[in-house]
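Asker: Pasting a structure here, questions to come.
The values are calculated or read from the model by the stated rules, or taken from the named source; none is laboratory data. Note that the structure is predicted; figures quoted are calculated from it, not measured. Quick reminder, even Gly has a Cβ in these numbers, built from the backbone with ideal geometry, and neighbours come from all protein chains shown. SASA here: full protein model, heavy atoms, side chains in, ligands and nucleic acids out. Shrake-Rupley method; radii C 1.70, N 1.55, O 1.52, S 1.80 Å.
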Amino acid sequence: MKKLSILLWIFLALLFSLSFGIVTGIFNPQEKINAIWLITAAACFYILAYRFYGAFLAAKVVTLNDMRLTPAYRLNDGKNFYPTNKWVLFGHHFAAIAGAGPLIGPVLASQFGYLPGFLWILVGAALAGGAHDFIILTASMRRDGKSLAQIAKEEVGPITGGAALIAILFILIVAIAGLGLAVINSLFYNPWGTFIIGMTIPIALFMGIYMKSIKPARIAGISFLGFFLLFLTVIVGKAIPSSPLSPLFNLDRNALSILLGAYGFIASVLPVWMLLAPRDYLSSFMKIGVIFLLALGVLSVAPDLNMPPLTRFIHGGGPIIPGTLFPFVFITIACGAISGFHSLISSGTTPKMIERERYARPIGYGAMLVEGFVAIMALIAAGVLIPGDYFAINTKLSFSELASLGFPVHEIRELSSTVGVDLAGRPGGAVSLAVGMAYIFSSIPFLKHLIAYWYQFALLFEALFILTTIDAGTRVARYVVQELGGYIYKPLGDLRSLSGNIVASFIVVFAWGYFIFTGSISTIWPMFGTANQLLGMLALCIGTTLIIKMGKAKYLWVTLLPMLFMASITFSASLELILDFTSKAPTSPDPFAFRINAFLMGAMLILAVVVVVDSTIKWYGYLVKRKPVRNTEVIVYPTEKN
């Protein structure tokens, strides 16, 4: 059996090498690349990474131990701390981390060509993002589910803790705004799609109450019913545009923004088991199922990528992301490879719900690899589109302007007529991704006439990703606001306080709602990407301190090397964005918004430098001066009283 296992791993390694060589043009460089090779390379690489690198992190770096009681049991309050079935928790965690980032980021980054995004997603998810998520989840799980900022304050110092807390709040607000804007751009004046998304809320509430109070053990039955109701809404929604209910769902951007804010507020205040966990569980396995079906669709259709490996925009001047390949391909890809937002979920809701330490590997590291695979599928969906059609959807440029850039439009009018929605000029990546997915699904024999359904289904798929991040992100931001507010008025810091929850949730929703009303994808997404990657760099910096304090300094390269790489990317991007916002402010009709953006990016950069410098001083003290190490891990075994 052992020899067979070795042969299997050797086979996967060889298959990856062949696939990677074809995708990168090492073999047959003149031929068009078939999407199958991207799927094969990614699947083989991620399986190998989970088996070997994930096992190394679990056994050698953090040494997971199931004998330790997790805070889900020790601090169980039925609301924030609650032991949760590992599959339900995987669903919640994956849904919370896999928002629009792994879908939209790779689509927008396709303006540089498919190859840069593919390489970064492949390597980044396994060696940077996976380690980042896993280390922070384990650290929080062993410290009573404390937030990243609390861990930074106690393990590094008050300077780093305070800087991290302020940075986290800003990043959360910008991230939610960027993701919210993407879903609004895909749903405005689309009653079919709005109806489908709206119906997911009562379905999730029903599932939450059923799993909590009616039949908690019957997870399979309620899961099947939830999936059935979800698919039923897609079919029934077809009749909404021509029904008397159409005005209720045929909404403009402003109305959708208000409704989105109301949803984020309610989801943040309600108990985690009522809406957040069941909705995330429902959506996550649908997401994984759709990605699996999309992979099967690619394997059966075997489409070629129409997007070239590299485009003329690698030197800058792109109509979607104006910056150069470095650093903006890394900033734009964002969550598909590494995301600072994940550290907030890994030190937010997930460590308060995990049952056993060993589950940290599949939930922390494994979920990031699945997200990387999602990002590869999004890259393929964008790559199969004709470049002119891709740019027609994702920019406001006229067809003649696109033709003058060398990207003539081919099928956009026909596609718009087929799906029943005007597709041109809907930037944000969500619509072009839905079109690419619908194109792949409808290319399967006997399914071409269902392309309109596939388009709306793809929008549902994307919107579920986004909304689960919005509800989890708003809740985590509420935790941060309450933590900050607790220094001013102590009762506000009590997470069990309903009035504190309501006040903090309102502040958070108002803040990200402002950015949605005043921003655009071309300004918010680079800000989100840069801020998000800055937080990822900070989390890796804090993770390095934690590894040293565990007595595992010989493994500090696990977080230190990706941290240094992320620092070079994020510092460069931050400076470029500050200069860009400052130069555009005098000629903009809304100069205040650009000045606010420049100020916030500058503040973020300063906070990041403070954390890195403070942490470096601490490392020098521990490793060179041999200062005593104080570790705040909470170790409780079942035989002890807690």
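Asker: Considering Leu14, Leu4, which residue is open to solvent by 50 Å² or more (accessible area, probe 1.4 Å), modelled with pLDDT of 90 or more and either in contact with an Asp or Glu (Cβ under 6 Å, 6 or more places away or on another chain) or over 28 Å from Lys554 (Cα atoms) (or both)?
Answerer: Leu14
Asker: Condition first: at negative phi and not in a helix (DSSP H, G or I). Now tell me which residues in region 575-626 satisfy that.
Answerer: Ser588, Pro589, Asp590, Val624, Lys625
Asker: Confirm whether Arg413 is open to solvent by 10 Å² or more (accessible area, probe 1.4 Å) and either out of contact with any helix residue (DSSP H, G or I) (no Cβ under 6 Å at 6 or more places or on another chain) or of a type outside the set (Val, Ile, Thr) (or both).
Answerer: On the way: open to solvent by 10 Å² or more (accessible area, probe 1.4 Å): yes; either out of contact with any helix residue (DSSP H, G or I) (no Cβ under 6 Å at 6 or more places or on another chain) or of a type outside the set (Val, Ile, Thr) (or both): yes.
For Arg413, the condition - open to solvent by 10 Å² or more (accessible area, probe 1.4 Å) and either out of contact with any helix residue (DSSP H, G or I) (no Cβ under 6 Å at 6 or more places or on another chain) or of a type outside the set (Val, Ile, Thr) (or both) - is met.
Asker: Restricting attention to region 591-613, report how many residues are open to solvent by less than 20 Å² (accessible area, probe 1.4 Å) and either in contact with a Gly (Cβ under 7 Å, 6 or more places away or on another chain) or of a type outside the set (S, T, N, Q) (or both).
Answerer: Residues in region 591-613 being open to solvent by less than 20 Å² (accessible area, probe 1.4 Å) and either in contact with a Gly (Cβ under 7 Å, 6 or more places away or on another chain) or of a type outside the set (S, T, N, Q) (or both): 7 in total.
Asker: Among the residues of region 333-344, is any on the phi > 0 side of the Ramachandran plot and under 14 Å from the mean Cα position of the chain (by Cα)?
Answerer: Narrowing region 333-344 to residues on the phi > 0 side of the Ramachandran plot: 334.
Keeping just the survivors that are under 14 Å from the mean Cα position of the chain (by Cα) gives 334.
Within region 333-344 (the criterion being on the phi > 0 side of the Ramachandran plot and under 14 Å from the mean Cα position of the chain (by Cα)), the answer is yes, since at least one residue qualifies.
Asker: Determine which member of the set Thr194, Thr233, Thr160 is touching a Lys or Arg at 6+ places or on another chain (Cβ under 9 Å), among the hydroxyl-bearing types (Ser, Thr, Tyr) and either modelled with pLDDT of 80 or more or over 30 Å from Asp422 (Cβ atoms) (or both).
Answerer: Within the list Thr194, Thr233, Thr160, the selection yields Thr160.
Asker: Six or more apart or on different chains, Cβ atoms under 7 Å: show the pairs whose first residue is in region 326-342 and among the hydroxyl-bearing types (Ser, Thr, Tyr) and whose second is not in a helix (DSSP H, G or I).
Answerer: These pairs meet every condition: Thr332/Ile321.
Asker: Looking at Gly161, Gly145, which one is part of a helix (DSSP H, G or I) and within 27 Å of Asn80 (Cβ to Cβ)?
Answerer: That would be Gly161, the only listed residue that is part of a helix (DSSP H, G or I) and within 27 Å of Asn80 (Cβ to Cβ).
Asker: Continuing with the same structure: Go through Ile548, Ile542, Ile507 for me and flag whichever is farther than 22 Å from Ala139 by Cα, part of a helix (DSSP H, G or I) and not acidic (Asp, Glu).
Answerer: Numbers: Ile548 fails: farther than 22 Å from Ala139 by Cα; Ile542 fails: farther than 22 Å from Ala139 by Cα.
When all the criteria are applied, what remains is Ile507.
Asker: May I ask you to list the residues in region 8-38 that are over 22 Å from Pro308 (Cβ atoms) and in contact with a helix residue (DSSP H, G or I) (Cβ under 6 Å, 6 or more places away or on another chain)?
Answerer: If the condition is that a residue be over 22 Å from Pro308 (Cβ atoms) and in contact with a helix residue (DSSP H, G or I) (Cβ under 6 Å, 6 or more places away or on another chain), then Leu12, Leu15, Phe16 are the ones that fit.
Asker: Looking for something open to solvent by 10 Å² or more (accessible area, probe 1.4 Å) and among the polar types (S, T, N, Q) - is there at least one such residue anywhere in region 156-178?
Answerer: The answer is no; no qualifying residue exists.
Asker: Given the structure, is Glu357 of a type outside the set (Lys, Arg) and either in contact with a Pro (Cβ under 7 Å, 6 or more places away or on another chain) or open to solvent by 10 Å² or more (accessible area, probe 1.4 Å) (or both)?
Answerer: So Glu357 does not fit the description; no.
Asker: Here is a further query. Take the residues in region 384-407 that are open to solvent by less than 10 Å² (accessible area, probe 1.4 Å) and hydroxyl-bearing (Ser, Thr, Tyr), then tell me which one is farthest from Leu310 (Cα to Cα).
Answerer: Residue satisfying both the conditions and the ranking: Thr395.
Asker: Separate question: Has region 64-79 got any residue that is more than 30 Å from Ile345 (Cα to Cα) and open to solvent by less than 20 Å² (accessible area, probe 1.4 Å)? Spell out the reasoning first.
Answerer: In the first step, residues of region 64-79 are kept if they are more than 30 Å from Ile345 (Cα to Cα); the result is none.
Scanning region 64-79, I find no residue that is more than 30 Å from Ile345 (Cα to Cα) and open to solvent by less than 20 Å² (accessible area, probe 1.4 Å), so the answer is no.
Asker: Among the residues of region 319-338, how many are at pLDDT 85 or above, under 16 Å from Ala375 (Cβ atoms) and touching a His at 6+ places or on another chain (Cβ under 8 Å)?
Answerer: Of the residues in that region, 1 qualify.
Asker: Please count how many residues of region 493-548 are over 30 Å from Ile321 (Cα atoms), at pLDDT 85 or above and open to solvent by less than 10 Å² (accessible area, probe 1.4 Å).
Answerer: Residues in region 493-548 being over 30 Å from Ile321 (Cα atoms), at pLDDT 85 or above and open to solvent by less than 10 Å² (accessible area, probe 1.4 Å): 8 in total.
Yes/no per residue for (1) closer than 22 Å to Thr349 by Cα; (2) at pLDDT below 95:
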| position | (1), (2) |
| --- | --- |
| Gly105 | no, yes |
| Ser110 | no, yes |
| Trp120 | no, no |
| Asp133 | yes, no |
| Ile136 | yes, no |
| Arg142 | yes, yes |
| Gln150 | yes, yes |
| Glu155 | yes, yes |
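Asker: Inspect region 382-402 for any residue being closer than 30 Å to Ala55 by Cα, touching a Gly at 6+ places or on another chain (Cβ under 6 Å) and touching a residue at least 12 places away in the same chain (Cβ under 8 Å) and give the result as yes or no. Working first, answer last.
Answerer: Initially, region 382-402 is screened for residues closer than 30 Å to Ala55 by Cα, giving none.
Taking every residue of region 382-402 in turn, none turns out to be closer than 30 Å to Ala55 by Cα, touching a Gly at 6+ places or on another chain (Cβ under 6 Å) and touching a residue at least 12 places away in the same chain (Cβ under 8 Å).
Asker: Which one of Ala59, Ala42 is touching a residue at least 60 places away in the same chain (Cβ under 8 Å), of a type in the set (A, V, I, L, M, F, W, C) and either outside any loop (DSSP other than H, G, I, E, B) or farther than 28 Å from Leu560 by Cβ (or both)?
Answerer: Ala42
Asker: Right, another one. Of all residues in region 299-319, which are more than 20 Å from Thr24 (Cβ to Cβ) and buried (at least 17 other Cβ atoms within 10 Å of the Cβ)?
Answerer: Result: Val301, Gly318, Pro319.
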